[in-house]
Amino acid sequence: REEEQIMQLEVNRIYDTFLRRVADGRSLTTEQVDSIGQGRVWSGAQALQIGLVDRLGGLEDAIAAAAQKADLEEYRIVRYPAIKQPFESLLSSGKDQIQSWYGRAQFGPFYDQYHRIKSLVDQRGVLALMPYAIEVY
């Protein structure tokens, strides 16, 4: 089907980009990287053993390595999203409830259809069309 072909083209495009970036970063050809990875997911220890990573570590190690590579002696780490104050959190959750109440008042029995369409319009990235709807109760 056409949707399946579109999805497969997107998967291929993403995988090709990944292969090129790994090959560039490792000074390998894309064919060499593909023969090593073959689209599989490797554990950190396996990736180290076959040369896909230089060393093992966590996020803090990666940040320190990036700062060193950029010749930064001083840097700061900012974590997002920032934790909201309790009062701010209460107000923002109230806003969602008010919007839902207002939407139901405006659209009445058609609110569920409106909400579905709005969530589709707000989505980003790869989407697939299906000949059915899934509802979870």
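The values are calculated or read from the model by the stated rules, or taken from the named source; none is laboratory data. Since we're looking at a predicted model, the values are computed, not measured. Please note: Cβ atoms are built from the backbone with ideal geometry, for glycine as well, and neighbour counts cover all protein chains shown. Keep in mind that these areas ignore ligands, DNA and RNA; they rest on the heavy atoms of the full protein, side chains included. Shrake-Rupley method; radii C 1.70, N 1.55, O 1.52, S 1.80 Å.
Quick notes
- Against the conditions (1) out of contact with any helix residue (DSSP H, G or I) (no Cβ under 7 Å at 6 or more places or on another chain); (2) surrounded by fewer than 12 Cβ atoms within 10 Å (Cβ to Cβ); (3) of a type in the set (A, V, I, L, M), residue 50 satisfies every one except (1).
- Here the condition is being within 22 Å of the chain's Cα centre (by Cα) and within 30 Å of residue 119 (Cα to Cα); of 20, 79, 104, 40, it holds for 79 alone.
- Within segment 1-42, the set of residues being closer than 22 Å to residue 66 by Cα and outside any helix (DSSP H, G or I) comprises 27, 28.
- Of all residues in segment 123-137, none that is under 10 Å from residue 3 (Cβ atoms) and of a type in the set (Gly, Ala, Ser) has its Cβ atom under 8 Å from the Cβ atom of a residue that is in a loop (DSSP other than H, G, I, E, B) and at pLDDT 65 or above, 6 or more apart or on another chain.
- Selected residue (criterion: nearest to residue 52 (Cα to Cα)) from residues of segment 6-31 that are of a type in the set (Val, Ile, Thr) and open to solvent by less than 70 Å² (accessible area, probe 1.4 Å): 22
- Residue 108 being on the phi > 0 side of the Ramachandran plot, open to solvent by less than 80 Å² (accessible area, probe 1.4 Å) and not hydroxyl-bearing (Ser, Thr, Tyr): yes
- Close pairs (7 angstrom Cβ cut-off, 6 or more residues apart or separate chains): farther than 17 Å from residue 48 by Cβ and in contact (Cβ under 8 Å) with a residue 60 or more places away in the chain in segment 58-72, part of a helix (DSSP H, G or I) and of a type outside the set (D, E, K, R) anywhere: none
- Of all residues in segment 32-47, exactly one satisfies the criterion of being surrounded by 14 or more Cβ atoms within 10 Å (Cβ to Cβ) and polar (S, T, N, Q), namely 32.
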